[in-house]
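Since the structure comes first, as structure tokens, the remarks are kept for the end.
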Amino acid sequence: MTRYSLTIIIPTFNEIENIENIIIAVSGVLKNSGIEGEILVVDDDSKDGTVDCVRELLKTHPELSLIVRPDDHGLSQSVVEGFQKAKADIIQVIDADFSHPVELIPKFYSAIKDEGYDVCIGSRYTKGGDIENWPIKRRIISLGATVFGRVLFPEITDPVSGFFAIKKEVVYDADLKPRGYKILMEVLGKGRWENFKEIPFTFRDREEGESKLKFSTILDYIGQCTDIGVYAFRHRETNVWKEWKKVIKFGFVGISGIFVNTGILFALTEYIGFYYLVSAIFAIEASIITNFLLNDYWTFDGGNNSRMAKKWKRFVSFQVVSVLGVVINLAVLFILTEFIGLWYILSNIAGIFVAFIWNFFINRNFTWRR
Ligand code: GDD
């Protein structure tokens, strides 16, 4: 029996227009790159001739296998069944419709095998990535899904990509609950992984056949994100939990800043005799400094992993983000009070909330970016 070093899972449903070409293309890439790869088609009992076509190709392609699933249909379910049946320790997932460039497969393989990454993600949104031929509606849905996904995985630009590779051990024993289209989110939320790499690619919308994405797929996705969030609270070792821990710490630091701010405002005004607005400027700056020191030391591990090696650079960045955060807070307060007629206290709470999200995300992905 051949010892495969890579399993390429191709989930299919009614792909008669593409199936032969994609198998020939993937097979060609394997041959040219010298990778001992298995091609595993996981089909949901298509009635358009896809299954017969693969059966015919099985005769001439020893590296090809086929699973036909009579029930519990679904893209994610099919990919998970592929995980279970994969013969190799490295697994690649790719669409059948040429949306994903097959020639990148060796790059993914090498990122895992040679560079040692646990997960390698084809990204449309990282530098160099792109999308071709997408109608505006599809772009908006995808962007919404990506933004939602980044709440759980802020460092990953395309956590909903269908083009990715993993070490098999990432999903070994993982409590995956496959549903909908976003199997990568499930893998990232419940699998065991330490590091990841993103490879930019241009997503080309299918030329043959049509997307099977339905409205229920979007609902499935929302349910899936909630489930991953709840799972993170129950199983504290996941990457999502590590991320939430930062959000919570950042929140506590923010609250400590309110005390510093109020204390200094009071002390300067009452004991030194400063005009209260002058005291407020000192109070704001003091709380920015203490917030920075606490976040740098506690929330983001001493800034050790930040790309900004110098502490003063992180401080300048934090300072600018904080000042802009104050501007955002004031803008929301003003707009909600003046134009929507909301009570100013409620508007201010909304402003604090929006500014908090701004502060966390920008600092997380810039000041303390790894
Ligand atoms: N087995 C199986 N069962 N395969 C399916 C099913 C299903 O129910 N539905 C779709 N597929 C297969 C298709 O045959 C194709 O190979 C692949 O999954 C992608 O299907 P499309 O319907 O073309 O997907 P899409 O273009 O809307 O979505 C792609 O892009 C998304 C990112 O925007 C996929 O790659 C998604 O995984 C990805 O999230």
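The values are calculated or read from the model by the stated rules, or taken from the named source; none is laboratory data. These numbers were taken from a predicted model, which means no experiment stands behind them. Neighbour counts run over all protein chains shown; Cβ positions are idealised from the backbone, glycine included. Each accessible area value is taken on the protein alone, full model and side chains, heavy atoms only, with ligands, DNA and RNA left out. Shrake-Rupley method; radii C 1.70, N 1.55, O 1.52, S 1.80 Å.
When T2 is tested against (1) hydroxyl-bearing (S, T, Y); (2) at pLDDT 95 or above; (3) open to solvent by 20 Å² or more (accessible area, probe 1.4 Å), just one condition goes unmet, and that condition is (2). What single numbered condition from (1) part of a helix (DSSP H, G or I); (2) within 16 Å of the ligand (Cβ to nearest atom); (3) open to solvent by 90 Å² or more (accessible area, probe 1.4 Å) fails to hold for E207? All conditions pass for E207, except number (1). Please tell me if F98 is more than 12 Å from the ligand (Cβ to nearest atom) and either more than 24 Å from T202 (Cα to Cα) or open to solvent by 60 Å² or more (accessible area, probe 1.4 Å) (or both). In short, no. Return yes or no: is D89 in contact (Cβ under 8 Å) with a residue 24 or more places away in the chain and more than 14 Å from the ligand (Cβ to nearest atom)? Criteria met by D89.
Against the numbered list (1) of a type in the set (V, I, T); (2) part of a helix (DSSP H, G or I); (3) more than 9 Å from the ligand (Cβ to nearest atom), I121 comes up short only at (2). Every test in (1) assigned to a helix (DSSP H, G or I); (2) touching a Leu at 6+ places or on another chain (Cβ under 9 Å); (3) surrounded by fewer than 24 Cβ atoms within 10 Å (Cβ to Cβ) is passed by F148 save one, and that test is (2). Say whether the condition of being within 13 Å of T367 (Cα to Cα) and surrounded by 14 or more Cβ atoms within 10 Å (Cβ to Cβ) is met by at least one residue in the range 327-334. Checked the range 327-334: no residue is within 13 Å of T367 (Cα to Cα) and surrounded by 14 or more Cβ atoms within 10 Å (Cβ to Cβ). Within the range 94-107, residues that are within 18 Å of E38 (Cβ to Cβ) sit with their Cβ atoms under 7 Å from residues that are near the ligand (Cβ under 6 Å from one of its atoms) and in a loop (DSSP other than H, G, I, E, B), at 6+ positions apart or across chains, in these pairs: D95/G162; A96/E15. Residues that are in a loop (DSSP other than H, G, I, E, B), open to solvent by 80 Å² or more (accessible area, probe 1.4 Å) and within 12 Å of the ligand (Cβ to nearest atom): does the range 72-84 have at least one? The answer is yes, given that some residue of the range 72-84 is in a loop (DSSP other than H, G, I, E, B), open to solvent by 80 Å² or more (accessible area, probe 1.4 Å) and within 12 Å of the ligand (Cβ to nearest atom). The test for being hydrophobic (A, V, I, L, M, F, W, C), part of a helix (DSSP H, G or I), within 23 Å of A174 (Cβ to Cβ) and touching a helix residue (DSSP H, G or I) at 6+ places or on another chain (Cβ under 7 Å) does not hold for I284.
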